[in-house]
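Input: a single structure, listed below in C-alpha cells.
Quick note: the coordinates plus some simple rules give every number you see, no bench work behind them. Predicted model, so just to flag it, every value in this text is computed and none were measured. Note that each Cβ is placed from the backbone with ideal geometry, even for glycine, and that neighbours are counted across all protein chains shown.
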Amino acid sequence: MIVTCPNCRKTLKAPDSAAGKRIRCAGCLDMPCDVVFHASEWKAVCMVRTRTEAPDVPPSLNDMICWIAAMGGHVIRSTTKAKHPGTQTLWLGLPRVNDLAIA
C-alpha cells in the first residue's frame, strides 16, 4: 500500500495491515526543529539541556520532542516498552519551553 506523509508529502510504502493507522515518517523526525519552534525556544531548551551555549544549528525535531517530554516528566526506562513520550508529558513540558524562552 502506498501512503503519503501529511507533513512532508513524501510517498512511503506501508504494509496492508497498516490501513487506517497513523504512521511516522522517519524523514520528518530527522528534520530540524526550527520548522516548528522559534529560535528563542529551541536555543533556550538547548542551553538548559546541555548546560552550554546554544548551537548555531538547530537540533533534530525528534531530539527536541524528547527534551520537552523530559521537562514534562517523561522517563525512559529499560523495563517499559513505550520509549516514545506521550501527549501528557509533552503537554506538561511545553509551558516550560515558553517559560525558558521568555526568561
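Of the trypsin sites (Lys or Arg not before Pro) in region 42-103, which ones lie in a loop per DSSP and count no more than 13 other C-beta atoms within 10 Å?
Arg51, Arg77, Lys81, Lys83
Between Ala101 and Asp56, take the C-beta separation as r, use R0 = 25 Å, and let me know the FRET efficiency to the nearest 0.05.
The calculated FRET efficiency here is 0.90.
Just to verify a number: FRET efficiency for Thr87 and Ala19, C-beta to C-beta distance, R0 = 22 Å, to 0.05?
It comes to 0.40.
Taking the Kirkwood radius as the inverse of the mean 1/r across Cα pairs, report the Rg/Rh of the chain.
In the chain, Rg relative to Rh is 1.03.
As I understand it, the dipole of the chain uses +1 on the Cβ of Lys and Arg and -1 on the Cβ of Asp and Glu, about the Cα centre. Which of Thr89, Ala54, Trp42 lies farthest toward its positive end?
Thr89
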